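Rule-based calculations on the coordinates, nothing more; no lab input. Quick caveat, the model's predicted, so the values are computed rather than measured. Here the Cβ is made from the backbone with ideal geometry for all residues, glycine too, and neighbour counts use every protein chain on show.
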Amino acid sequence: MNAIALVRDIWRGAQLVARHLRYWCPACDSMHGICIEGPEPRWSWNGSLDAPTLTPSVLSYLPRPDGSRETLCHHFLTDGRVVVCGDSPKHPNESLPLPPLPDWLVSESATSHSDDAP
Ligand SMILES: [Zn+2]
């Protein structure tokens, strides 16, 4: 069974520019890749892949043409559980355990190492 979270190094050429924590979100059914080392915005991570905690909360949104934001997912990741905020469109105020990562995400994260060629 796959882990529930993994760390992915983001390289630009031969330079390590950031480190992301990736997990599959049971609230919005998609992957979140959260910056834990590198440029802002950056989250504080407890260093655990078995029971990860990130602070502050994670908010993903779509900008609307009128300048406002449509919230797609807003949650806290605490001890390996997604605690969904009340303003999230799906599963508001629920606490959901992180599921194992999908196979494609694990293999993609292991094999691709350069996002932006210089
Ligand atoms: Zn989500």
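Of note:
- Taking the chain and dividing mean pair separation by its residue count, relative contact order in percent (alpha carbons under 8 Å, at least six apart): 27 percent
- Cα-based radius of gyration of region 5-111 once divided by 2.2 N^0.38 Å, which approximates compact folds: 1.10
- Within a Gaussian network of the chain (alpha carbon springs, distance under 10 Å), most fluctuating of ALA14, ALA51, ALA27: ALA14
- Residue among ASP87, ASP66, ASP29 with the largest mean-square fluctuation in a Gaussian network model of the chain, springs linking Cα atoms under 10 Å: ASP66
- Stretching the chain fully between ARG19 and ASN93 yields a gain of 23.7 nm (0.36 nm per residue, less the alpha carbon separation).
- Net charge, PRO97 excluded, C-beta distance under 14 Å - Lys, Arg +1, Asp, Glu -1: -2
- Per-residue [θ]222 nm for the chain (sum of -39500 (n - 2.57) over DSSP H runs n ≥ 4, rounded to 500): -2000 deg cm²/dmol
- When each of CYS28, CYS85 is scored by the number of other beta-carbon atoms lying within 10 Å, the sequence from fewest to most is CYS85, CYS28.
- Our estimate of slack between ASP103 and GLU37, defined as 0.36 nm per intervening residue step minus the Cα-Cα distance, is 21.3 nm.
- Max mean-square fluctuation residue, GNM over the chain, Cα-Cα springs under 10 Å, options GLY38, GLY13, GLY67: GLY67
- Cys residues of the chain counted as unpaired, since no other Cys beta-carbon is under 4.7 Å: CYS25, CYS35, CYS85
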